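To keep things clear, I will list the structure first and then write my remarks on it.
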Amino acid sequence: MRTVQAYRFALDLTPGQERAVFAHAGAARAAYNWALARVKAVMGQRAAERSYGVPDQQLTPVLGWSLAALRKAWNAAKAEVAPWWPQYSKEAFNTGLDALARGLTNWADSRTGKRAGRRVGFPRFKSRRRSRPAVRFTTGAIRVEPDRMHAVLPRLGRLKLHESARKLARRIEAGTARILSATVRRDRGRWHVAFTVEVDRAERTPARPDATVGVDVGIKNLAVLSTGELVPNPRHLNAASRRLRTLARRLSRRQGPDRRTRQQPSRRWQRTQKQLGRAHARVANLRRDGLHKLTTRLAATYATIVVEDLNVAGMLANRRLARHIADAGFGELRRQLTYKTGWGGGRLLVADRWYPSSKTCSGCGTVKTKLALSERTYRCQACGLVLDRDLNAARNLAALAAETTTAGSGPVAGRGADQKTPLAGRVAVKRLPGTTCSVGKTGTVPPQGGTTSHTLTKAH
Ligand SMILES: [Zn+2]
């Protein structure tokens, strides 16, 4: 199986190398901003000409939005607008122009409905302060050194890796991987290099080809499985989260910058800000590590994995920290399971958004009309079942898979459905045991061969 995946390593840059990367990222931004200004100017000019009644064939010619067209325009103008251009790799300008071409395409596709999901806005200028510095190399000498502790990139030279790249190096030496590109980027105050790699993966099958597992992402635990297993949060996560709160509070009490009054931040504020950034990174790293271990194990073990379709974008608006982190983890869990089940030979089923997995009794199928988030234990009035809330939900999810297998597969989730489904909660109704899955949900498309992601819809 041939896949494209990323290998990402933290870098230890020397001050000189850091300056060089910053400069290249700046060059990328300059090309991006110049091209965006040009695109806007041409659009404005054409609109003005049209309003004067200039016939279409005499209008200012359009500036193409493809990378090739933008690059041609940039190359024609660079001597004038950026006489310093020979100091930088052409890949730097390419990085910026490619980002703009994608942004413009996404905007156009979103407008015409070709692109599903949330509306994409028109590209905006990148500021030095707000944008994340990055530069991508697609050609030239890109390699991992034989010592596996250094990467070589065009112009930037030999960069020290913070950790060994042996996993990637072994694959390259075995001839099962090929580097397509490398991006150097700063993430939360730390530099990383991400290699985009084409990998030949061995075909695999899950260890338990008949087993199904329902996964419910929790707050207290990382996840609860329908098998009754509680997957605890990674060690030290709670301590790291506590430190995050402490630092955020400390920061709010110190003198921060204010652009209106031109107040400079105090040194104490800057120091706390730096510590807070590192604490954020640590929490994120711990969670990501825990999630990766969980999803790898699930995809390697179970043939069928069932998760909920939660409205992650909507829930992220919630400001409670614990909830926020759990929700952010959910989107990531689903993303990882999607590609890992693809690699592992299993399948991922996604329950319909309105399926009341928490409110349904996993014993008799009765659905409660109300269940407060604070009720951590499910108590069924009908059959007297008493069960941990998350475990009950996980069992319902697993049961859902058994029903689809007998009733045939449901429709494939179209991303457009996420946008169209109204957010207001639908009233939970009694689930009729044994009902087949109803097909047909806004924005869903019929099943296609080889797809692993399905939406399970309950007849309400
Ligand atoms: Zn019950």
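The values are calculated or read from the model by the stated rules, or taken from the named source; none is laboratory data. Just so you know, these numbers come straight off a predicted model, no measurement behind them. Reconstructed Cβ throughout: ideal geometry from the backbone, glycine too, with neighbour counts over all protein chains shown. The protein model used for the area step is the full one, side chains on, heavy atoms only, and it has no ligands, DNA or RNA in it. Shrake-Rupley method; radii C 1.70, N 1.55, O 1.52, S 1.80 Å.
Which number in (1) in contact with a Leu (Cβ under 6 Å, 6 or more places away or on another chain); (2) open to solvent by 20 Å² or more (accessible area, probe 1.4 Å) marks the one condition that ALA116 misses?
Looking at each condition in turn, ALA116 falls short on (1).
If SER110 satisfies every condition in (1) open to solvent by less than 30 Å² (accessible area, probe 1.4 Å); (2) under 17 Å from GLU18 (Cβ atoms); (3) free of Cβ contacts under 8 Å to residues at least 12 places away in the same chain but one, which is the exception?
With (1) open to solvent by less than 30 Å² (accessible area, probe 1.4 Å); (2) under 17 Å from GLU18 (Cβ atoms); (3) free of Cβ contacts under 8 Å to residues at least 12 places away in the same chain applied to SER110, the lone miss is (2).
Could you please let me know if ARG278 is assigned to a helix (DSSP H, G or I), touching a residue at least 24 places away in the same chain (Cβ under 8 Å) and open to solvent by 80 Å² or more (accessible area, probe 1.4 Å)? So that I can check it myself, show each step before the final result.
On the way: assigned to a helix (DSSP H, G or I): yes; touching a residue at least 24 places away in the same chain (Cβ under 8 Å): yes; open to solvent by 80 Å² or more (accessible area, probe 1.4 Å): yes.
Yes: the conditions hold for ARG278.
Give the residue, chosen from TYR32, TYR52, that is over 22 Å from ARG130 (Cα atoms) and of a type in the set (Phe, Trp, Tyr). Full working, then the answer.
Values: TYR32 fails: over 22 Å from ARG130 (Cα atoms).
Checking each option against the conditions leaves just TYR52.
How about the stretch 353-372: which of its residues are within 14 Å of ASP216 (Cα to Cα) and of a type outside the set (Ser, Thr, Tyr)?
ARG353, PRO356, LYS359
Table: residues versus (1) closer than 30 Å to VAL213 by Cβ; (2) among the aliphatic types (A, V, I, L, M).
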| position | (1), (2) |
| --- | --- |
| ASN238 | yes, no |
| ASP258 | no, no |
| GLN264 | no, no |
| VAL283 | yes, yes |
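Can you tell me how many residues in the stretch 147-183 are within 21 Å of GLU198 (Cβ to Cβ), over 27 Å from the mean Cα position of the chain (by Cα) and of a type outside the set (Lys, Arg)?
Of the residues in that region, 5 qualify.
Can you tell me how many residues within the stretch 370-404 are part of a loop (DSSP other than H, G, I, E, B) and either without any contact (Cβ under 8 Å) to a residue 12 or more places away in the chain or away from the ligand (no atom under 16 Å from the Cβ) (or both)? Before the answer, list the steps.
Of all residues in the stretch 370-404, those part of a loop (DSSP other than H, G, I, E, B) come to 370-376, 380-385.
Add one more test, that the residue is either without any contact (Cβ under 8 Å) to a residue 12 or more places away in the chain or away from the ligand (no atom under 16 Å from the Cβ) (or both), and what stays is 370, 372-374, 376, 384.
Residues that pass the stated criteria total 6.
Taking the stretch 135-178, which residues are out of contact with any strand residue (DSSP E or B) (no Cβ under 8 Å at 6 or more places or on another chain) and open to solvent by less than 30 Å² (accessible area, probe 1.4 Å)?
Once the filter is applied, which keeps residues that are out of contact with any strand residue (DSSP E or B) (no Cβ under 8 Å at 6 or more places or on another chain) and open to solvent by less than 30 Å² (accessible area, probe 1.4 Å), the stretch 135-178 yields only GLY157.
Report, by residue number, each residue of the stretch 327-369 that is open to solvent by 30 Å² or more (accessible area, probe 1.4 Å) and within 13 Å of the ligand (Cβ to nearest atom).
Within the stretch 327-369, LYS359, SER362, GLY363, CYS364, THR366, LYS368 meet the criteria.
Run ASP200 past the list (1) in contact with a Ser or Thr (Cβ under 6 Å, 6 or more places away or on another chain); (2) buried (at least 17 other Cβ atoms within 10 Å of the Cβ) and report the number of the one that doesn't hold.
Of everything listed in (1) in contact with a Ser or Thr (Cβ under 6 Å, 6 or more places away or on another chain); (2) buried (at least 17 other Cβ atoms within 10 Å of the Cβ), ASP200 misses just condition (2).
Just checking, which of ARG262, ARG245 is open to solvent by 50 Å² or more (accessible area, probe 1.4 Å) and either within 30 Å of LEU298 (Cβ to Cβ) or free of Cβ contacts under 8 Å to residues at least 24 places away in the same chain (or both)? Before you say what the answer is, go through the steps one by one.
Details: ARG245 fails: either within 30 Å of LEU298 (Cβ to Cβ) or free of Cβ contacts under 8 Å to residues at least 24 places away in the same chain (or both).
Every option except ARG262 fails the conditions.
Which of the residues belonging to the stretch 13-24 are closer than 30 Å to ARG171 by Cα and open to solvent by less than 50 Å² (accessible area, probe 1.4 Å)? Write out each step before concluding.
So the first thing to find is which residues in the stretch 13-24 are closer than 30 Å to ARG171 by Cα, and the list is 13-14, 17-18, 20-21, 24.
Those that are closer than 30 Å to ARG171 by Cα and open to solvent by less than 50 Å² (accessible area, probe 1.4 Å): LEU13, GLN17, ALA20, VAL21, HIS24.
Could you list all residues from the stretch 217-254 that are closer than 17 Å to ASP390 by Cα and either of a type in the set (S, T, N, Q) or touching a Ser or Thr at 6+ places or on another chain (Cβ under 7 Å) (or both)? Steps first, answer last, please.
First, pick out the residues of the stretch 217-254 that are closer than 17 Å to ASP390 by Cα: 217-233.
Answer for the stretch 217-254, where residues must be closer than 17 Å to ASP390 by Cα and either of a type in the set (S, T, N, Q) or touching a Ser or Thr at 6+ places or on another chain (Cβ under 7 Å) (or both): ASN221, SER226, THR227, ASN233.
Output the residues belonging to the stretch 25-59 that are open to solvent by less than 40 Å² (accessible area, probe 1.4 Å) and part of a loop (DSSP other than H, G, I, E, B).
Hit for the stretch 25-59 is LEU59, nothing else.
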